[in-house]
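Shown next, in structure tokens, is the structure this report addresses.
The values are calculated or read from the model by the stated rules, or taken from the named source; none is laboratory data. From a predicted model like this one, the values you see are computed outputs, not experimental measurements. Please note: Cβ atoms are built from the backbone with ideal geometry, for glycine as well, and neighbour counts cover all protein chains shown.
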Amino acid sequence: MEAAGQANGAGEPAPKKPNRKAVELADFKARCRQGTTVVLDLEWEEDMTEREVRSLCQQLLFCYGVNRGARRPVRMVLSGLGMGTSTSQRLRKISGFESWPIEVLEGPYIDRFKREELVYLTADAEETIQTFDPEKVYIIGGIVDHNRLKGCTLAKAADQGIASAQLPLSQHIDLGASRRVLTVNHVLQIVVEYQLTGDWRQTFEKCVPGRKHRGTNHGMGISFRRSARMSRVGAGAHWCAPRAWDGGPRTGRGRG
Ligand SMILES: C[S@@+](CC[C@H](N)C(=O)[O-])C[C@H]1O[C@@H](n2cnc3c(N)ncnc32)[C@H](O)[C@@H]1O
């Protein structure tokens, strides 16, 4: 057998075999390009404590791991990762981060994508998503707030004139006493899993942590326990104060 790069019988050097890692990476990138585009919006740092930012970075690492290992990965974009931010400094300390096969934007997603293709995923939206449209770009708020910043992503989407939608959790599982606000990594995992199975119930049963659901929703109403607990959850929360996001119209496509 002839080793890669050695001369063949005709005296010409045999073409180098592409190395296994490079082939795997090219295959992964190709699969990402076929997937849903998911932006992790990292413009929320000033609303979080340093501890919450640290926790967010761990969730982002988990998101990356889930996506990297997925059969059908999403096209992952980190937006608003300004160089001077704590999130950026923490992520750049992770070994290999610079070569993660994702798109990293220092600026906001609103400068990168067309407004009409953007959909902010938020538990506070009136609309409920039924499937992921390959033409759309789905945004997950890079927020760890322990339910403190109620409605901030909905307000941002409204301010920017972009669509918003919640996941169809209550249509497919009984959330019991839990709230329907999930962590960043669980939402990313839901997008990845749904993209593979096309089955919401299966997806939620796999990705929504146990404490968040009690089984399949067969049309049960909200229980007394749930309403009592939900009002307690609301205790330390407040609706977000309006903030000056870029709300001007934008028409350019901007996607590469
Ligand atoms: C911990 S939550 C942040 C909650 C925050 N108070 C807010 O206003 O979005 C992290 C992100 O996950 C996404 N998310 C969580 N639960 C969701 C749901 N039920 N439907 C859609 N998106 C959800 C949202 O993008 C949200 O910003």
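Exactly one residue out of Arg54, Arg71 is under 30 Å from Cys152 (Cβ atoms), at pLDDT 95 or above and basic (Lys, Arg), and it is Arg54.
If you filter segment 39-94 down to residues that are in a loop (DSSP other than H, G, I, E, B) and among the hydroxyl-bearing types (Ser, Thr, Tyr), you find that the one that is surrounded by the most Cβ atoms within 10 Å (Cβ to Cβ) is Thr85. Sub-6 Å Cβ pairs linking a first residue in segment 194-209 that is part of a loop (DSSP other than H, G, I, E, B) to a second residue that is surrounded by 14 or more Cβ atoms within 10 Å (Cβ to Cβ) and at pLDDT 95 or above, at least 6 apart or interchain, number zero. Against the criterion of being within 15 Å of Asp41 (Cβ to Cβ), among the aliphatic types (A, V, I, L, M) and in contact with an Asp or Glu (Cβ under 8 Å, 6 or more places away or on another chain), Val191 does not qualify. For beta carbons closer than 6 Å, sequence separation of 6+ or different chains, a first residue in segment 129-148 that is closer than 17 Å to Arg75 by Cβ and within 7 Å of the ligand (Cβ to nearest atom) and a second that is β-branched (Val, Ile, Thr) and outside any loop (DSSP other than H, G, I, E, B), the qualifying pairs are Ile139/Val39; Ile140/Val184; Ile140/Val187.
Contact annotation: no residue pair with Cβ atoms under 9 Å, 6 or more positions apart or on different chains, pairs a residue in segment 83-95 that is on the phi > 0 side of the Ramachandran plot with a partner that is exposed (fewer than 12 other Cβ atoms within 10 Å of the Cβ).
Counting residues in segment 137-154 that are under 29 Å from Gln34 (Cβ atoms) and in a helix (DSSP H, G or I) gives one or more.
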